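Asks: Here you go, one structure.
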Number of protein chains: 6
Amino acid sequence: MGIHHYFKSLSDLETLVRCPGRFKYHEHNVASHSFKVTKISQFLGTVEEQNGQEVDWKALYEKSLNHDYAELFTGDIKTPVKYASAELRELFSQVEDQMVKKFIDTEIPPRFQDVYRERFKEGKDASLEGQILSVADKIDLLYESFGEIQKGNPDPLFMEIYEGALSTIMKFRELECVQYFLDYILPDMLSEKFIPHSELKERTERLIQSADE
Amino acid sequence: MGIHHYFKSLSDLETLVRCPGRFKYHEHNVASHSFKVTKISQFLGTVEEQNGQEVDWKALYEKSLNHDYAELFTGDIKTPVKYASAELRELFSQVEDQMVKKFIDTEIPPRFQDVYRERFKEGKDASLEGQILSVADKIDLLYESFGEIQKGNPDPLFMEIYEGALSTIMKFRELECVQYFLDYILPDMLSEKFIPHSELKERTERLIQSADE
Amino acid sequence: MGIHHYFKSLSDLETLVRCPGRFKYHEHNVASHSFKVTKISQFLGTVEEQNGQEVDWKALYEKSLNHDYAELFTGDIKTPVKYASAELRELFSQVEDQMVKKFIDTEIPPRFQDVYRERFKEGKDASLEGQILSVADKIDLLYESFGEIQKGNPDPLFMEIYEGALSTIMKFRELECVQYFLDYILPDMLSEKFIPHSELKERTERLIQSADE
Amino acid sequence: MGIHHYFKSLSDLETLVRCPGRFKYHEHNVASHSFKVTKISQFLGTVEEQNGQEVDWKALYEKSLNHDYAELFTGDIKTPVKYASAELRELFSQVEDQMVKKFIDTEIPPRFQDVYRERFKEGKDASLEGQILSVADKIDLLYESFGEIQKGNPDPLFMEIYEGALSTIMKFRELECVQYFLDYILPDMLSEKFIPHSELKERTERLIQSADE
Amino acid sequence: MGIHHYFKSLSDLETLVRCPGRFKYHEHNVASHSFKVTKISQFLGTVEEQNGQEVDWKALYEKSLNHDYAELFTGDIKTPVKYASAELRELFSQVEDQMVKKFIDTEIPPRFQDVYRERFKEGKDASLEGQILSVADKIDLLYESFGEIQKGNPDPLFMEIYEGALSTIMKFRELECVQYFLDYILPDMLSEKFIPHSELKERTERLIQSADE
Amino acid sequence: MGIHHYFKSLSDLETLVRCPGRFKYHEHNVASHSFKVTKISQFLGTVEEQNGQEVDWKALYEKSLNHDYAELFTGDIKTPVKYASAELRELFSQVEDQMVKKFIDTEIPPRFQDVYRERFKEGKDASLEGQILSVADKIDLLYESFGEIQKGNPDPLFMEIYEGALSTIMKFRELECVQYFLDYILPDMLSEKFIPHSELKERTERLIQSADE
């Protein structure tokens, strides 16, 4: 028992690969994902605050940092399995709760247990911070799948993930920060162009000529 | 729909890492594991046959090759989750069956569906071949965990896996092939010695001296 | 001497990378390849059996599982070297045989030596099972090279491998299973389309609009 | 210009390997490190709060999340270079500031620039939160180097890093959270034992015997 | 102190990844880069020699082999940092010199120190060999960035690197070997074509038909 | 045909892994190996020169840089295969020569063919430079195998490689540079000590106490 095991477990999140069992050009892990979601939440919270909303920053950061910690105990359960039936989903959710509870009981010293019980609660609730987390989690997933599509991954799964993530984001389109994302960030992402291989020749010739002048 | 998707899915088994979320010196994947289990089953079956048992080789090979194919649909669900309750386990087993069923219905052409329904059945039954598969699966797991312990992996998980695998093998100790494993293979594995770093100096000096003579 | 060394050697097949010395997006190893070839053989055998042929399943599985085991002793010798002259090829084949023989003599206990001598024989003979193995081996190679071409590998070698594999498959086009491959599987493989990057924008807009309705 | 580039840059932090140019069993990247430091800061802050200190959680999270972001612009400059002279250090620090400033001016839209200028300030100041960050950063470094030493990395550099990190932590030993670390966490880390290879034989025999009883 | 540490340090150059902090399909390291630069210098020197220039081969090889060795001490400092100001660049250059000097003083035995001081001098001077090294270094960088563009890397950085490398090469266009590169090698590089995925179908059909004839 | 293909082939040497088919903690490739051998040759040549020998530096560098280039054509042929019989060895050697010849004829423009024919000749001849190359090649192999032994690789192959490399070096012990290696470098390599895990506790306590004083 002890905080040492908790600190050590953070390294396991670095080893937990996202979207396992599929070829990916660029692999991501749960620790890095959690970092990026927290940074995205930070930005989204800033948009809300500038729009006059009161943001509970402490809650927002805690929710974002911890939102995937339970994957340490349950492993990667594919979404279709998790959602195969309402009954199974409910059971899985109970098991997850029990595992987190057991972890806190055995690893976290008593004086910190209440604090960590609070921190490991499901973060995606109806509060503003819970909604921001839901959006930030999907924005990072959107970037991950966009990265594979852009690099030429032929697996249609990544287009499905892209569309699924965007659909979830759209459910929160009442939020000012989602509007900002749709109005400014997504268009920039989609208008990214990279120099096609076919332009290389022309560019090279232009550069050589201008050097000769 | 089509066999093309089935053939393509075999590559996904190559990408599915075993024991995810933990640091390992040497990673293994489900395709390689299935190959090794089938080769180990082949040997165990040979021992049984020499001992007078009748081995249904076709069944043994089919069971071994397919025993982890369903992980493609369900992902890696950690054992403690799977076995958290009899109810969850039962439900999970139903979901797995439905997913395999759905895969066969949508991807395998009708004329082959009966054959593949048979092939994708749970292989670890009470038949001699089912028992051999249970043992072969754990022997490969034993080798995987032994490899980590031998290379110096400080994670105690691998000792737990080693002991768990051996315990399951012991449940089949009535089988002649398990006796062979315990009498001849395991002792060889345990008596493996490697030259400690500390002997390097002495060996080097001996070699230099003998070259000078 | 002992089966332990034989079991351990299976892990070395996991470390033996196919097509070494070339940049690949997705690396494959000999153990995974052997697994996939065996699964493909299984399907091809099923087609033959449905077509009224008698399939010796035990032989088919043994041939498929073991067909590349000798690479453990010889390493990866590039095809142009192997086939540089009839004389070299013959000599090389003798060396390979001697190495397998020596392995069996030193590692396999006497009571199993006859069985393993049989298993390690060249599998690609004129029998139906030998022909199926020849086809299955090339189908997996076709998938490996197709995967590189599809992901955008600019090395022309993979097109050469693709065409070489297909040419060999065509030599067996009298087989019903090759007809099935040409009629149903290859067309599916070639008609695979993936969403081009350029379609992303349109799809995204459609999704956003439909969410707004 | 735009938040899209900022979000995209977070992926580059995933690609930035820590302690480059040295063999490591387990590589870590700047994104994962930032996640772990933030989680460690969270715990240390909790200790301080329980001890009656007032913790500015928003500041603590911001400092921790952003503390290594500037490495994106400057790359990994080895410590001995950075600290080669007071003059060079001062100049480097100015260049870093200018690069962050330029990034904010060109990528962050004007309405968010003040907020991000604040967020990208040097976090390791004399405030309680700044001190906690200094400690948390070194605790993660301690774990990284401990991991290499424990796995058997023969490079003496990791012992130097371990000792350097611990020395820095000791400078903050007036903090209650450092006392907690020294009293409870560090001893647990050091008393970690893993089953030596040499014990395997005995354990295996015990397990086999108990199964037979 | 001793040559052993010098020999060992060569392995660290194998671990030092070029262009860190960016996604790359194909990573390169400083040791491999140094090898390729030396081989390219060898060719360029041959062109010069055939053109009547006298090439100091010993100097050319020494310059090429050692040109990035100092990165061992300084790490990868991003170019914009290095060149942020004339003052910083000068200071940085002094630090690098001091580090190399210190390395020679502490690791190289006195009888070899003069030789190694000479070898570790900045190689890109105004001599013919220094100019050839400048060109060879950029040709390898051109190939590295071309490789990423050709494989479909969407990061615009690689186009910038490609153009930057070509611009530097153009500065040496008075050299016969640069003329050779521009006249014969670069056009071959740019005219490389790879079979597009879209041609696969047609080629496959042609191959199948010709086999049937 | 063209130098472009020659330059491009250098990247394939980066992808050619040494000692394939075995688990290694630290993989090395042929390009990096060639770099290290050339640097080691440089040092050995310096020792010879200081000892009054005349060193043909151009020849020494050329031999070292090119000594493994032919592996590009032949792949990795395991030593026991290569040396299985004098006849096979002779045939392999002929094939290798023909392949290099063919490469030069088709890829190297006529005006450079004589130069490259000379460069691609077997370098390990009886000349001083040929002997230095033989030694340098084995010193790098010694370091590679030492690295695996030191990191705890349990595969006895690496001890065999270590002893084989040392035996070959001993055959050249008449060379002054081999004497230097045996007298100064090898002892340093063998006396390398790394802090055992077990000392960590004591060192940590000492450091904490001294900080408290």
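The values are calculated or read from the model by the stated rules, or taken from the named source; none is laboratory data. These numbers were taken from a predicted model, which means no experiment stands behind them. Here the Cβ positions follow ideal geometry from the backbone for every residue, glycine too, while neighbour counts run over all protein chains shown. With ligands, DNA and RNA removed, areas are computed over all heavy atoms of the protein, side chains included. Shrake-Rupley method; radii C 1.70, N 1.55, O 1.52, S 1.80 Å.
Asks: Please identify, among B:V47, B:V95, B:V135, the residue showing maximal mean-square fluctuation in a Gaussian network model of chain B using a 10 angstrom Cα cutoff.
Replies: B:V95
Asks: Now for a separate question. What FRET efficiency do you get for A:D212 and E:S191 if R0 is 22 Å and r is their Cβ-Cβ distance, rounded to the nearest 0.05? Intermediate values should be presented prior to the final figure.
Replies: Details: r = 21 Å, r/R0 = 0.94.
Computed FRET efficiency for A:D212 and E:S191: 0.60.
Asks: Would you please state the base-10 log of I(q)/I(0) at q = 0.14, 0.20, 0.23 1/Å for the stretch A:136-204, with intensities from the Debye formula using one equal scatterer on every alpha carbon?
Replies: -0.51, -0.85, -1.01
Asks: So which trypsin sites (Lys or Arg not before Pro) in the stretch C:127-184 are both in a DSSP loop and have at most 11 other Cβ atoms within 10 Å of their Cβ?
Replies: Details: sites: C:K138, C:K151, C:K171, C:R173; in loops: C:K171, C:R173.
Taking the stretch C:127-184 and a limit of 11 other Cβ atoms within 10 Å, no loop trypsin sites (Lys or Arg not before Pro) are found.
Asks: Let a ≥ b ≥ c be the square roots of the eigenvalues of the Cα gyration tensor of the stretch B:87-213; is it rounded (a/c under 1.5), or, if not, prolate (a/b larger than b/c) or oblate?
Replies: Details: a/c = 2.75, a/b = 2.48, b/c = 1.11.
Prolate, because a/c is 1.5 or more and a/b exceeds b/c.
Asks: Right, next: In the neighborhood of C:K101, defined by Cβ-to-Cβ distances under 14 Å, what is the net charge if each Lys or Arg adds +1 and each Asp or Glu adds -1? Please report the intermediate quantities before stating the final value.
Replies: Values: positive: C:K102, C:R117, C:R119, C:K121; negative: C:E96, C:D97, C:D105, C:E107, C:D114, C:E118, C:E122.
Every neighbour counted, the sum reads -3.
Asks: Same structure again: Take chain B, connect every pair of alpha-carbon atoms lying under 10 Å apart with a spring to form a Gaussian network, then pick out the residue of B:E122, B:E174, B:E71 with the largest mean-square fluctuation.
Replies: B:E174
Asks: As a test of the definition: with a 1.4 Å probe, what buried accessible area, both sides summed, do you compute for B against D, in Å² to the nearest 100? Please list the in-between numbers first.
Replies: Working: alone 13690 and 13740 Å², together 25730 Å².
Summing both chains' loss of accessible area gives about 1700 Å².
Asks: Count the net charge of all other residues whose Cβ sits under 11 Å from the Cβ of C:G152, scoring Lys and Arg as +1 and Asp and Glu as -1. Walk me through the intermediate numbers first.
Replies: Numbers: positive: A:K151, C:K151, E:K151; negative: C:E148, C:D155.
Residues close to C:G152 contribute a combined charge of +1.
Asks: Right, here's the next one. For chain B, modelled as a Gaussian network with Cα springs under 10 Å, which listed residue fluctuates most, B:Q179, B:Q94, B:Q53?
Replies: Result for chain B, Cα springs under 10 Å: B:Q94 fluctuates most.
Asks: Also, quick follow-up: Could you work out the helix-only [θ] at 222 nm for the protein assembly as shown, with each DSSP H run of four or more residues adding -39,500 (n - 2.57) and the total divided by the number of residues, to the nearest 500 deg cm²/dmol?
Replies: Values: 72 runs with 870 residues, N = 1278.
So the calculated ellipticity at 222 nm is -21000 deg cm²/dmol.
Asks: Sorted from largest down, give the three principal axis spans of the alpha carbons of chain B, whole angstrom values.
Replies: So the three principal-axis extents are 76, 43, 37 Å.
Asks: For F:N29, which sequence-distant residues (separation of 5 or more, or a different chain) have an amide H within less than 5 Å of its own amide H, given hydrogens modelled in the peptide plane?
Replies: Distant-sequence amide H within range of F:N29: F:R18.
Asks: Could you check how much of the accessible area of the protein assembly as shown is carbon and sulfur, as a whole percent, using a 1.4 Å probe?
Replies: Values: 24550 of 51970 Å².
Accessible surface attributable to carbon and sulfur in the protein assembly as shown totals 47 percent.
Asks: Using R₀ = 51 Å, calculate the FRET efficiency as 1/(1 + (r/R₀)^6) where r is the Cβ-Cβ separation of D:R111 and B:K121; round to 0.05.
Replies: On the way: r = 62 Å, r/R0 = 1.21.
That gives a FRET efficiency of 0.25.
Asks: Using Cα-Cα distances under 8 Å and only pairs 6 or more residues apart, what relative contact order does the stretch D:3-212 have, in percent?
Replies: Worked out over the stretch D:3-212, it gives 23 percent.
Asks: Please give the per residue accessible area of chain D, computed with a probe of 1.4 Å over protein heavy atoms only, in Å².
Replies: Details: 8680 Å² over 213 residues.
Normalised by residue count, the accessible surface of chain D is 41 Å².
Asks: In whole Å, how far is the Cα centre of the stretch A:145-213 from that of the stretch E:21-67?
Replies: About 37 Å separates the Cα centre of the stretch A:145-213 from the one of the stretch E:21-67.
Asks: Obtain the radius of gyration and the Kirkwood radius of the stretch D:1-125 from its C-alpha atoms and give Rg over Rh.
Replies: Numbers: Rg = 16.2 Å, Rh = 16.3 Å.
The Rg/Rh ratio comes out at 0.99.
Asks: Given R₀ = 35 Å, what would the calculated FRET efficiency be for A:R89 paired with C:K201, taking r from the Cβ atoms and rounding to 0.05? Please report the intermediate quantities before stating the final value.
Replies: Numbers: r = 35 Å, r/R0 = 0.99.
Efficiency, from the Cβ-Cβ distance: 0.50.
Asks: Note down the Stokes-Einstein diffusion coefficient of the protein assembly as shown in µm²/s, whole number, using a Kirkwood radius over alpha carbon pairs, 4 °C, and 1.567 mPa s. Walk me through the numbers before you get to the answer.
Replies: Working: Rh = 33.2 Å.
Estimated via Stokes-Einstein, D reaches 39 µm²/s.
Asks: Now a separate question. Could you work out how far the C-alpha centroid of the stretch E:75-139 sits from that of the stretch F:2-16, in angstrom?
Replies: Using only Cα atoms, the two centres lie 27 Å from each other.
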